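A short reminder: the numbers here are calculations on the coordinates, not readings from a lab. This one's a predicted model, so the numbers in the text were calculated from it and none came from an experiment. Virtual Cβ from ideal backbone geometry, glycine too; neighbours counted across all protein chains shown.
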Amino acid sequence: MRFDLTDLRLFLSVVECGSLTQGACAMHLALASVSERIAGMEEVLGAALLERNRRGVRTTAAGEALVRHARSILGQVEQMRGELRTYATGLKGRIRVMSNTAAMAAFLPPHLCRFLAAHRDLSIDLLERPSAEIVHSMVDRRADLGIVADITDFGPLQTHLIASDKLVVAASHVHPLARESSVTFADIIGEPIVGIADTALEVHLAERASRLGRQLDYRIQLRNIENVAMHVEAGIGISILSSALARQLRRDLAIVPLAEPWATRRLFLCAREFSELTPHARLLAQQLLQDAPSATSGK
């Protein structure tokens with residue numbers, strides 16, 4: 001069985017367009033040439049890849065398998081090209097990292113700063129995504145390393161605990177909660193909330209609220225933590241955020257621990273296979289694990 005990269009790109013184009021004609025147009029090829037190539041692929045494979053109908057085409061079971069493998073192969077080719085291009089700029093490697101909002105806001109920046117300062121010939125592609133999306137991307141080989149919260153199913157990924165953080169409540173000093181040593185979620189669920197844009201946290205809190213038959217009252221949701229603090233100080237509402245973020249606030253707010261077992265969030269470094277990481281991705285993983293809790297565990 002011999003398919004070249006053009007065959008794979010052509011097949012994916014037809015599948016994504018849902019039509020031989022549109023797929024041929026997207027690839028700037030004649031329709032006859034496209035039909036001939038796909039017929040040749042089916043002949044070599046010994047099975048039909050596409051079902052033709054009046055509305056276009058759809059994949060057979062064999063076609064679905066080819067789509068999956070073609071995307072993986074072409075993705076690896078693009079990764080190879082991107083990595084090799086870095087040599088032209090003097091870089092010896094790039095590391096693709098995906099992080100959830102909690103890690104991006106507090107845990108990750110100082111680690112990446114030290115790593116890049118120590119490895120001048122390496123570069124990092126950093127994307128912020130929800131934990132669940134990171135897991136799917138890792139499974140599909142779209143990143144080398146991911147950092148996710150433990151409220152997400154890790155699936156087949158290998159993981160190591162790298163940090164723990166606790167949720168706290170930020171309130172103005174004139175708010176009644178400011179006098180408390182700790183609060184329960186039930187105590188604050190009726191309060192107006194100034195939310196910080198953290199999709200994973202928002203989903204987590206919404207789930208906890210639904211268990212109480214309630215929902216959170218978000219007056220506003222903001223991405224910038226200092227803007228969140230400004231609104232809290234002005235009495236617009238309280239905010240639920242990580243203690244790591246709370247330590248970065250430059251405004252004088254009351255910080256009250258959230259007294260729930262689930263309020264402790266754990267961050268995990270994940271990879272498809274740590275033993276199969278590129279040498280430069282392995283270097284970054286080793287640094288992130290240096291300061292990890294002693295109870296670090298892998299899956």
> Quick check: anything in the range 284-295 without any contact (Cβ under 8 Å) to a residue 60 or more places away in the chain and surrounded by 13 or more Cβ atoms within 10 Å (Cβ to Cβ)?
Replying inline: no
>> Cβ contacts < 6 Å: first residue touching a residue at least 60 places away in the same chain (Cβ under 8 Å) and part of a loop (DSSP other than H, G, I, E, B), restricted to the range 182-211; second residue surrounded by fewer than 20 Cβ atoms within 10 Å (Cβ to Cβ) and among the small types (Gly, Ala, Ser), any location; separation 6+ or different chain. Result?
In response: Ser182/Ala259; Thr184/Ala259
>> So, in the range 228-261, exactly how many residues are under 24 Å from Pro130 (Cβ atoms) and either touching a His at 6+ places or on another chain (Cβ under 8 Å) or of a type in the set (Gly, Ala, Ser) (or both)?
In response: 8
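Given the options Val44, Val57, Val34, name the one that is among the β-branched types (Val, Ile, Thr) and within 34 Å of the chain's Cα centre (by Cα). Lay out the reasoning, then the answer.
Values: Val44 fails: within 34 Å of the chain's Cα centre (by Cα); Val34 fails: within 34 Å of the chain's Cα centre (by Cα).
Result: Val57 is the single residue among Val44, Val57, Val34 that is among the β-branched types (Val, Ile, Thr) and within 34 Å of the chain's Cα centre (by Cα).
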> (1) surrounded by 15 or more Cβ atoms within 10 Å (Cβ to Cβ); (2) touching a strand residue (DSSP E or B) at 6+ places or on another chain (Cβ under 9 Å): which one isn't true of Ser35, the others all being true?
Replying inline: (2)
> Within the range 224-271, restricting attention to residues that are surrounded by 18 or more Cβ atoms within 10 Å (Cβ to Cβ) and part of a loop (DSSP other than H, G, I, E, B), which residue is farthest from the chain's Cα centre (by Cα)?
Replying inline: Leu253
>> For the range 13-31, which positions are assigned to a helix (DSSP H, G or I) and over 32 Å from the mean Cα position of the chain (by Cα)?
In response: Leu20, Thr21, Gln22, Ala24, Cys25, Leu31
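Using the structure shown, decide if Gly237 is free of Cβ contacts under 8 Å to residues at least 24 places away in the same chain and of a type in the set (Gly, Ala, Ser). Spell out the reasoning first.
Values: free of Cβ contacts under 8 Å to residues at least 24 places away in the same chain: no; of a type in the set (Gly, Ala, Ser): yes.
It is false that Gly237 is free of Cβ contacts under 8 Å to residues at least 24 places away in the same chain and of a type in the set (Gly, Ala, Ser).
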